[in-house]
Amino acid sequence: MTNTQPSAQPAEPTSTLLTDTARRYAVAQRVLADVAGLAQSAADEDFLLTPEEVTAALTPFTALEPAAPAAAPGQREEAIRERIESATEGPWFVSDCEGRLEVWFEGALEHVVRDDKGTITGWSTPASWKPGDLLHEVDLDTWDEGVDPEDDLERANARLIGHAPQDLEYLLDEAARLRRLLAETVEAYNALAIRKQRTEGELQQLRAAAGHTPAEVI
């Protein structure tokens with residue numbers, strides 16, 4: 001039997017980037033509020049504000065590196081989509097009946113009965129089928145799960161195969177959703193950066209309008 005297991009590749013960094021950008025966003029929000037408060041208080045002649053205090057307020061923000069752009073789909077993710085598109089169209093169904101274990105393309109089944117949730121509760125396998133309709137088959141020694149460990153392993157493998165199209169589509173869609181969320185978060189972070197710079201400028205204008213130099217205590 002040929003080993004078709006894919007070679008190991010680094011996982012895509014979407015979740016890491018999302019977490020890191022969310023942290024940047026939270027810091028930016030907090031610092032923006034602090035700087036806005038300083039700018040407002042600087043208009044009060046009784047308020048003493050030193051350049052060191054301004055720097056200290058801005059440090060949590062300015063110490064952050066620029067936000068990374070949203071990661072594009074990686075080669076492995078694209079390869080997974082290509083494999084899904086090249087294979088038999090899902091969904092697939094696991095038939096475990098009287099010691100015969102099979103994985104079928106659902107569209108090939110006959111006399112299909114479903115419950116209120118859409119789960120197949122009754123079916124017949126076709127008398128004839130075209131290539132790709134029957135995806136996996138194995139004869140078991142037992143009819144019921146829990147009797148023979150080896151047969152149970154075959155059943156577990158068949159369930160993994162049978163759910164592969166839906167599971168992979170779900171994971172790929174979730175990765176795409178996280179990527180969109182990351183892009184939105186980066187955009188919001190960069191908007192806060194612009195607002196922060198504007199607030200810094202307004203603060204310096206307030207100091208200049210009051211006749212104070214940048215290094216002077218006010």
TODO: Give the residue that is nearest to residue 84 (Cα to Cα), with candidates limited to residues of region 134-148 that are loosely packed, with under 12 Cβ neighbours inside 10 Å and in contact (Cβ under 8 Å) with a residue 24 or more places away in the chain.
DONE: 139
- [ ] Would you check which residues across region 159-218 are at pLDDT below 75 and of a type in the set (Phe, Trp, Tyr) and list them?
- [x] 189
TODO: Within region 90-105, count every residue that is over 20 Å from residue 176 (Cβ atoms) and buried (at least 16 other Cβ atoms within 10 Å of the Cβ).
DONE: 10
TODO: Go through the residues of region 143-153 one by one and say whether even a single one is under 30 Å from residue 104 (Cα atoms) and either of a type in the set (A, V, I, L, M) or within 23 Å of the chain's Cα centre (by Cα) (or both).
DONE: yes
Open item on the list: Between a residue in region 85-101 that is over 15 Å from residue 142 (Cβ atoms) and any residue that is open to solvent by 50 Å² or more (accessible area, probe 1.4 Å) and among the polar types (S, T, N, Q), which pairs come within a Cβ distance under 8 Å, given they are 6 or more apart or on different chains?
Closed with: 90/166; 91/166; 95/125
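Has region 117-133 got any residue that is assigned to a helix (DSSP H, G or I) and either modelled with pLDDT of 95 or more or surrounded by 12 or more Cβ atoms within 10 Å (Cβ to Cβ) (or both)? Before you say what the answer is, go through the steps one by one.
Applying the first criterion (assigned to a helix (DSSP H, G or I)) to region 117-133 yields none.
Checked against the condition, which is being assigned to a helix (DSSP H, G or I) and either modelled with pLDDT of 95 or more or surrounded by 12 or more Cβ atoms within 10 Å (Cβ to Cβ) (or both), region 117-133 yields no hits at all.
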Task: Members of region 75-89 found to be assigned to a loop (DSSP other than H, G, I, E, B) and open to solvent by less than 80 Å² (accessible area, probe 1.4 Å), listed by number - done: 87, 88
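The values are calculated or read from the model by the stated rules, or taken from the named source; none is laboratory data. As the structure is a computational prediction, the values presented were derived from the model and not from experiment. Backbone-built Cβ (ideal geometry, glycine too); neighbour counts: all protein chains shown. Ligands, DNA and RNA are excluded from the accessible area calculation, which covers all protein heavy atoms including side chains. Shrake-Rupley method; radii C 1.70, N 1.55, O 1.52, S 1.80 Å.
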